[in-house]
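Remarks on the structure that follows.
The values are calculated or read from the model by the stated rules, or taken from the named source; none is laboratory data. A quick note: this is a predicted structure, and the numbers were derived from the prediction, not measured. Heads up, the Cβs are rebuilt from the backbone with ideal geometry, glycines too, and the neighbour counts pull from every protein chain shown. Side chains are part of the model used for accessible areas, which takes the heavy atoms of the whole protein and leaves out ligands, DNA and RNA. Shrake-Rupley method; radii C 1.70, N 1.55, O 1.52, S 1.80 Å.
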Amino acid sequence: MSKINLPSVLTEDTHFFKEPYIEQLKPFLGRPYISYSSVGSWNEYKDNFIKEKLVGIKLPQGIYASLGNYVGEAIEKGEWGENPNGFIGQENLDLNKYRKPNAEYEKLVIIDRGDYFIVGFIDIYYEQNGEKHLEDMKTGGKGKESTYTSEEYLQTVLYNHALNGECKTGVNFVRREGSHVNPPLKISKEQFYIPIEYNEKRVKKALDKVDKTVKEISELNTTYQKYFK
């Protein structure tokens, strides 16, 4: 891969360069990085990625992402936080069901790719009965679970790879009701676990996807800086 020119380079001012991650991140200071969420943004919402990451335009967070963050933060803290969007259905989700003894929330994982590194944050990581578990929290409307049952869902595959493939991996899926045109969004009673298969073929597919995305972003960023910076 030619010289990488990503818009994101790790510095002490990077928003996640803070405790408890500082010691883990120090060796990567000054190096370009990408998160798997950015890989998804590039491949699914390219215009928004360019506006935010290259041009620097701050875009408002979408209502569906806000619900996901609201649920994730509640599970991490063990209580519901502020609710400016007026989400409902909190009584349908038992936070303690997802809060495991001695669990780590937002556990940092890093995959060094040489010219750049991949950074990710595991929603829930814990050990139970001698097994390591890596779980992602997802909210979605009708049919959205197909995203995570598909072979194309590779986020937790990468995170497990960062931990040497030692974890039992899955997605905790929480169904939402309502929509941005039919608010408020509601947390429904329909919640289930989706196991995610881990194998070397899927790891290669995930890494190839990230490498390809990084190459495309790097080339566009080089062109953008040449003509517009």
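Helix 200-228 and the longest principal axis of the C-alpha atoms of the chain enclose an angle of approximately 50°.
Within the accessible surface of the range 12-61, defined with a 1.4 Å probe on protein heavy atoms only, the carbon and sulfur portion equals 50 percent.
Would you mind getting the accessible area per residue of the chain, heavy atoms of the protein chains only, 1.4 Å probe, in Å²?
Working: 12970 Å² over 229 residues.
Averaged over the residues of the chain, the accessible area is 57 Å².
Could you work out how far the C-alpha centroid of the range 12-67 sits from that of the range 71-118, in angstrom? Using only Cα atoms, the two centres lie 17 Å from each other.
Taking amide H atoms as placed 1.01 Å from N in the peptide plane, the amide H of F117 lies under 5 Å from those of Y33, I34, each 5 or more residues away in sequence or on another chain.
Over its Cα atoms, what ratio of radius of gyration to 2.2 N^0.38 Å does the range 138-229 give? Please report the intermediate quantities before stating the final value.
On the way: Rg = 17.8 Å, N = 92, 2.2 N^0.38 = 12.3 Å.
Expressed relative to 2.2 N^0.38 Å, the Cα Rg reads 1.45.
Using C-alpha pairs under 8 Å with a sequence gap of at least 6, the mean separation divided by the residue count of the chain gives a relative contact order of 21 percent. Note on the chain: with charges restricted to the Cβ of Lys and Arg (+1) and Asp and Glu (-1), its dipole about the Cα centre is near 640 debye.
State the dimensionless ratio Rg/Rh of the range 69-170 (Rg: radius of gyration of Cα atoms; Rh: Kirkwood radius). Rg/Rh for the range 69-170 comes to 0.99.
Among residues other than Y159 whose Cβ falls under 11 Å from its Cβ, what is the net charge (Lys/Arg +1, Asp/Glu -1)? The partial results should precede the final answer.
Numbers: positive: K107; negative: D123, E135, D136.
Charge balance in the 11 Å sphere: -2.
So which lysines can K226 reach, going by Cα to Cα under 23 Å and dropping same-chain residues fewer than 8 places off? Here the lysines satisfying the reach criterion relative to K226 are K3, K46, K51, K53, K58, K212, K215. Value of Rg to Rh for the chain, rounded to two decimals, is 0.96; Kirkwood radius and Rg both from alpha-carbon coordinates.
Which residues make up the longest stretch of the chain clear of GluC sites (Glu not before Pro) that lie in a DSSP loop with no more than 16 other Cβ atoms within 10 Å, not counting the sites? Write down the numbers at each step before the final one.
Numbers: sites that count: E12, E79, E82, E151, E152, E166, E197.
By the stated rule (loop sites, at most 16 other Cβ atoms within 10 Å), 83-150.
In the range 94-140, the portion of solvent-accessible area held by carbon and sulfur atoms comes to 34 percent [1.4 Å probe, whole percent, DNA, RNA and ligands not counted].
For the chain, give the share of DSSP beta bridges that are antiparallel, in percent and rounded to the nearest 5; count only bridges with both residues there. Before the final figure, lay out the partial values.
Working: 22 of 35 bridges.
Percent antiparallel among DSSP bridges in the chain is about 65.
Rounded to the nearest 20 debye, the dipole size of the range 1-110 about its Cα centre is 480 debye, using +1 on the Cβ of Lys and Arg and -1 on the Cβ of Asp and Glu. Where the alpha-carbon atoms of the range 1-88 are placed on the principal axes, they occupy 49, 34, 20 Å, in descending order.
Rounded to the nearest 500 deg cm²/dmol, what is the calculated helix-only ellipticity per residue at 222 nm for the chain, with -39500 (n - 2.57) per DSSP H run of length n ≥ 4? Don't skip to the answer; put the middle values down first.
On the way: 8 runs with 77 residues, N = 229.
My calculation for the chain gives -9500 deg cm²/dmol from helical runs alone.
Which residue, P7, I63, N172, has the largest displacement toward the positive end of the dipole of the chain when charges sit on each Cβ (Lys, Arg +1; Asp, Glu -1)? Looking along the dipole axis, the top candidate is P7.
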